[in-house]
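Report on one structure; see the data block that follows.
The values are calculated or read from the model by the stated rules, or taken from the named source; none is laboratory data. Note that the structure is predicted; figures quoted are calculated from it, not measured. No Cβ is skipped: glycine too gets one built from the backbone with ideal geometry, and neighbour counts run over all protein chains shown.
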Amino acid sequence: MSLTVLKGDPRSPEATRLLQASHALMNELFPAESCHYLEIDDLCTPQITFLVVKDGTDTIGCGALANKGGYGELKSMFTTPEARGKGAADALVSELVKIARSQNLPLVRLETGDTLTAAQKLYQKHGFTYCGPFGDYPDHPASLFMERKV
């Protein structure tokens with residue numbers, strides 16, 4: 001497997017397919033009030049850096065960094081089921097943290113689901129620790145919040 005992480009277009013067919021699969025999974029696993037994903041058009045703003053991971057010509061994952069001014073937020077992290085465990089998410093998180101550093105952001109934060117243990121382990125591996133709600137997020141039992149210094 002030869003993985004490449006590069007800037008992507010959320011409106012491309014490959015990225016749209018990944019984002020729709022991610023949204024469907026979140027809607028299946030969590031109540032509506034704890035689904036905080038961005039719609040595809042919302043990922044196409046100047047404050048968002050959207051990345052894809054390719055394995056050869058196949059787009060197998062995506063993720064984004066939202067520049068919130070005082071911190072960056074990881075959004076839209078998703079890999080295809082067959083790509084899981086192969087390093088795609090690791091590569092995405094590493095690159096998104098580098099981008100946050102290049103934007104002089106002191107922290108990277110994220111919200112994830114309480115039952116997404118693989119995601120939580122991934123973020124912990126990359127130095128994220130649990131914190132309280134931030135931004136506009138309500139405190140909800142299905143939501144967990146994490147952050148790390150850049």
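Restricted to region 82-100, and to residues there that are loosely packed, with under 14 Cβ neighbours inside 10 Å and at pLDDT 95 or above, the residue that is farthest from ALA21 (Cα to Cα) is LYS98.
For VAL108, state whether it is within 17 Å of TYR71 (Cβ to Cβ), in contact with an Asp or Glu (Cβ under 7 Å, 6 or more places away or on another chain) and among the β-branched types (Val, Ile, Thr). Answer is yes for this residue.
Can you find even one residue in region 74-95 that is closer than 25 Å to PRO138 by Cα, touching a residue at least 60 places away in the same chain (Cβ under 8 Å) and among the β-branched types (Val, Ile, Thr)? No: zero hits.
Of all residues in region 1-35, those being in a helix (DSSP H, G or I), within 17 Å of the chain's Cα centre (by Cα) and over 14 Å from VAL52 (Cα atoms) number 9. Residues in region 96-120 that are free of Cβ contacts under 8 Å to residues at least 40 places away in the same chain, assigned to a helix (DSSP H, G or I) and in contact with a strand residue (DSSP E or B) (Cβ under 8 Å, 6 or more places away or on another chain): GLN120 alone.
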